[in-house]
């Protein structure tokens, strides 16, 4: 079966109304499109599982029947995990991958899930029953043995095909620091895991204690690439049509890394991620830089401009291959932007890469068969040499060589790397950079004492407070004038000005800037009360309050709003302060400058006058 046929067969199986070959059950799941790789969930950086977009349906915060017209959904979800990035280059590990999933929020449970899993494998995918086995949770002090799953499998499989597993292997969740979780079954074909059936019965609190969920749920995930490899008779995911069609043969480690990282970069850029030195932006930067270095390794001797062109050709192939899928048609629409972001980052990196590689090669020359045969003492002594954390950090800071790149270069030279030492050096650098930052307010980068800014007296504190509140109004005004595409990307406030970064795809026109500035001043003149309500994070999200998606928020937050009530407020945001009591205290707001920070990110600098 082709990967396209596998997608269609899975969705058709779970959306079908009746028609099951062995029972005629009405599976009737609502097909839900994949959510973004950037989750609406501050507890995680990227979407790592198919259930993430449904997290609040499992907890009961949202109503699936109301939103989907059913308690059951199915999806093919884009996912990203960095935990396996060091292993990419072998036959199985990936950063970006897809998950086939089906979910129930209080309807069917273990028996139906297990029967459907078996039917899908045998009747749809044509797997012989004797190749199938499963594991169930053996139980522990806090969660009992999963007898219900065991008995359901025992009606289908011989008992020697059903194993009992520990909490480490057969208990899933939560996705993040807290959330829904429960015992799970792992399903195997020829001892290769193809699906995980999670039965959501508990909510895991931050202290890891468990409480029962209001309704039991089902979360089933099938690793798509692994399933495709199994059904296409491949031991290597890079030999499936998912990689063969966009990339061709990927036999070397370098080519596998290139294929994985290019595919991952395409999807991250399409979902709004841009290369930076923080969070998701740093992940994207690592991927792009590693692609450029690995293309140089794989196609040794090519000029840098040809390496960049080779990367872009592969990106186009990925866009064309995946863009034909209905859920991923946005790739076609964003083709030029995706290529532009990649190319710009590549060009920036290439300015220092050649110098960095030359310096690295000088310190750690490559070992060759010829030099080893000659038995030169200098070369032989370097086999197994440890590259210290301080040296790695030097190359990272000076030449932009990420830890992944240095590990790749070290492996080629028979050297080892002191990874712990690197992170210790990195942490020390961060601590020095943060020295003096003692009183941070909210999520807007305001400091009473920092190495950069000192608020000397009450008048300066009042000025910062006015600027801080004006930033809230600016954010709301931008969204009202330009639309919901606007999303905070960072901010910084000093005594002199506010600096607000936001996601937006183009330069603002002078007319748009004037409209934004006028709207802010109009709200200031209305002298609206600036109030706050403290509530749980989930309640706050339901109010429609804005929040900085990169920020980690506690379970109880303050929502500051400009207006007479939170329902009709002009602006409302998660925040910690400080704020004026009425908007007229801000004075007059003026946009001083609007500029680009990077691809897809704009920056406004604003000031306030009495």
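Please treat every number below as a calculation from the coordinates, not as lab data. All of these numbers come straight from a predicted model, not from anything done at the bench. Neighbour counts run over all protein chains shown; Cβ positions are idealised from the backbone, glycine included.
Between residue 525 and residue 484, how high is the FRET efficiency from 1/(1 + (r/R0)^6) when r is the Cβ-Cβ distance and R₀ = 41 Å? Nearest 0.05. FRET efficiency, residue 525 to residue 484: 0.95. In terms of surrounding Cβ atoms within a 10 Å radius of their Cβ, 241, 271, 160 rank from fewest to most as 160, 241, 271. Kindly identify the stretch 161-313 as rounded, prolate or oblate by the Cα gyration tensor criterion: order the square roots of the eigenvalues as a ≥ b ≥ c, call it rounded if a/c is under 1.5, otherwise compare a/b with b/c, prolate if a/b is larger, else oblate. Oblate shape, in that a/c is at least 1.5 and b/c is the bigger or equal ratio. Taking the number of Cβ atoms within 10 Å of each Cβ as an exposure proxy, the fewest-first ranking of 567, 462, 115 is 567, 462, 115. Across every pair of non-identical alpha carbons in the stretch 31-128, the mean reciprocal distance, once inverted, gives a Kirkwood radius of 15.3 Å. The calculated FRET efficiency for the pair residue 210 and residue 145, based on their C-beta separation and a Förster distance of 22 Å, comes to about 0.90.
Tell me the label only: which of [x] 156; [y] 168; [z] 180 is volume of the Cα convex hull per residue in Å³ as calculated from this structure? Correct label is [z].
Residues 429, 582 in ascending order of nearby Cβ atoms (within 10 Å, fewest first): 429, 582.
Would you calculate, for the chain, the mean residue ellipticity at 222 nm contributed by helices, counting each DSSP H stretch of 4 or more residues as -39,500 (n - 2.57) and dividing by all residues, to the nearest 500? Helices in the chain give a 222 nm mean residue ellipticity of -12500 deg cm²/dmol.
Annotation: the antiparallel percentage among DSSP beta bridges lying fully within the chain is about 90. When peptides 194-200, 420-426, 100-106 are ranked by their average number of other Cβ atoms within 10 Å per residue, the highest-first order is 100-106, 194-200, 420-426. Residue 596 to residue 539: extension gain in nm, 0.36 nm per residue of separation minus the Cα-Cα distance? Net length gain for the segment: 17.1 nm.
Bridges between two residues of the stretch 3-235, per DSSP, are antiparallel at a rate of about 85%.
Counting 0.36 nm for each residue step from residue 169 to residue 352 and taking away their Cα separation leaves a gain of 61.4 nm. Between residue 306 and residue 397, the modelled label-to-label distance comes to 3.7 nm, taking each label 7 Å out from Cα in the direction of the beta carbon. Placing a label point 7 Å from the Cα of residue 130 along the Cα-to-Cβ direction, the residues of the stretch 143-159 with a backbone N closer than 20 Å are 154-159. With 0.36 nm allotted per residue and the present C-alpha distance subtracted, the residue 236-residue 427 stretch has 65.0 nm of extension available.
Note on residue 278 and residue 63: the model spin-label points, each 7 Å out from Cα along the C-beta direction, lie 3.9 nm apart. Between residue 332 and residue 605, the FRET efficiency from the beta-carbon distance, with R0 = 41 Å, is close to 0.70.
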